[in-house]
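**Student:** Got a structure for you, questions after.
The values are calculated or read from the model by the stated rules, or taken from the named source; none is laboratory data. Just so we're clear, the structure is a prediction, and the values are computed from it rather than from any experiment. We place every Cβ from the backbone using ideal geometry, glycine too, and count neighbours over all the protein chains shown.
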Amino acid sequence: MKAKLLFLFLFAGLLSGCTKNKFDTKPQIKVKSVKVGNITDQFGTTGAVIEIELTVTDKEGDAKGTIAIDKVDTASIPCPANTLLQDIYQIPDFPTTANQEVTFKVRYATITLIGYGLMSGPRCQPRADTSYFRFTITDKAGNVSDPVSTDPIAIPN
């Protein structure tokens, strides 16, 4: 009986020691957080801001290619003007290492702000803009991540 219990504990320990490596040649993206709010610029203009924090892992550490961003309207009565597809940006250069995990912040605003992509406000008045964002990363070697999406976000007017 003791031998069976010992074998069971050894087998369980062996299984718990085998974990899947989270690093892959194809970049992996996860949405870490989403922040939505309003901001007023120096001219008194108020607009909405969205900050989405993404975590990206890459086995070779070359996730500094491009990021493709889609903003897709999710309203029950769709507004095609609120959809933005294939907004592509070059990822800024950063130090790399193998098996790297980096955090990116994607920022959009409905008014012109330094450091934010411009996203016009709701163009199908009077209803609010409710959309989700979808992200895909292409690393320096041309490997493309699976797309990842946020939950629908109500963008303030």
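**Student:** Looking for something out of contact with any strand residue (DSSP E or B) (no Cβ under 7 Å at 6 or more places or on another chain), of a type in the set (A, V, I, L, M) and farther than 30 Å from Gln42 by Cα - is there at least one such residue anywhere in segment 93-101?
**Tutor:** yes
Residue by residue, here is whether (1) under 14 Å from the mean Cα position of the chain (by Cα); (2) under 27 Å from Asp24 (Cα atoms); (3) assigned to a strand (DSSP E or B); (4) hydrophobic (A, V, I, L, M, F, W, C) holds:
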| position | (1), (2), (3), (4) |
| --- | --- |
| Thr57 | yes, yes, yes, no |
| Glu60 | no, yes, no, no |
| Lys64 | no, yes, no, no |
| Asp87 | yes, yes, yes, no |
| Val106 | yes, yes, yes, yes |
| Ile111 | no, no, no, yes |
| Ala141 | no, yes, no, yes |
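**Student:** Take the residues of segment 143-157 that are more than 15 Å from the chain's Cα centre (by Cα) and not in a strand (DSSP E or B): which is farthest from Thr96 (Cα to Cα)? Before you say what the answer is, go through the steps one by one.
**Tutor:** Let us first name the residues in segment 143-157 that are more than 15 Å from the chain's Cα centre (by Cα), namely 143, 154-157.
Subset that is not in a strand (DSSP E or B): 143, 156-157.
On the way: Asn143: 16, Pro156: 37, Asn157: 39 Å.
Among those that are more than 15 Å from the chain's Cα centre (by Cα) and not in a strand (DSSP E or B), it is Asn157.
**Student:** Turning to a different aspect of this structure: Scanning for something basic (Lys, Arg), within 23 Å of Ala141 (Cα to Cα) and out of contact with any helix residue (DSSP H, G or I) (no Cβ under 7 Å at 6 or more places or on another chain), does segment 35-42 turn up at least one residue?
**Tutor:** no
**Student:** From the residues in segment 91-110 that are surrounded by 17 or more Cβ atoms within 10 Å (Cβ to Cβ) and modelled with pLDDT under 90, which one is nearest to Tyr132 (Cα to Cα)?
**Tutor:** Thr110
**Student:** Pairs please, first residue from segment 115-127 and polar (S, T, N, Q) and outside any strand (DSSP E or B), second anywhere and modelled with pLDDT of 70 or more and buried (at least 16 other Cβ atoms within 10 Å of the Cβ), Cβ atoms under 8 Å, 6+ apart in sequence or on different chains.
**Tutor:** Taking only residues 6 or more apart or on different chains, the pairs are Ser120/Thr110.
**Student:** Of the numbered conditions (1) surrounded by fewer than 18 Cβ atoms within 10 Å (Cβ to Cβ); (2) within 30 Å of Glu101 (Cα to Cα), Ala75 satisfies every one except a single condition; which is it?
**Tutor:** So the condition that Ala75 fails would be (2).
**Student:** In the list Ile88, Ile114, Ile137, which residue meets the criterion of being at negative phi, surrounded by 14 or more Cβ atoms within 10 Å (Cβ to Cβ) and either at pLDDT below 85 or of a type outside the set (Ser, Thr, Tyr) (or both)?
**Tutor:** The conditions single out Ile137.
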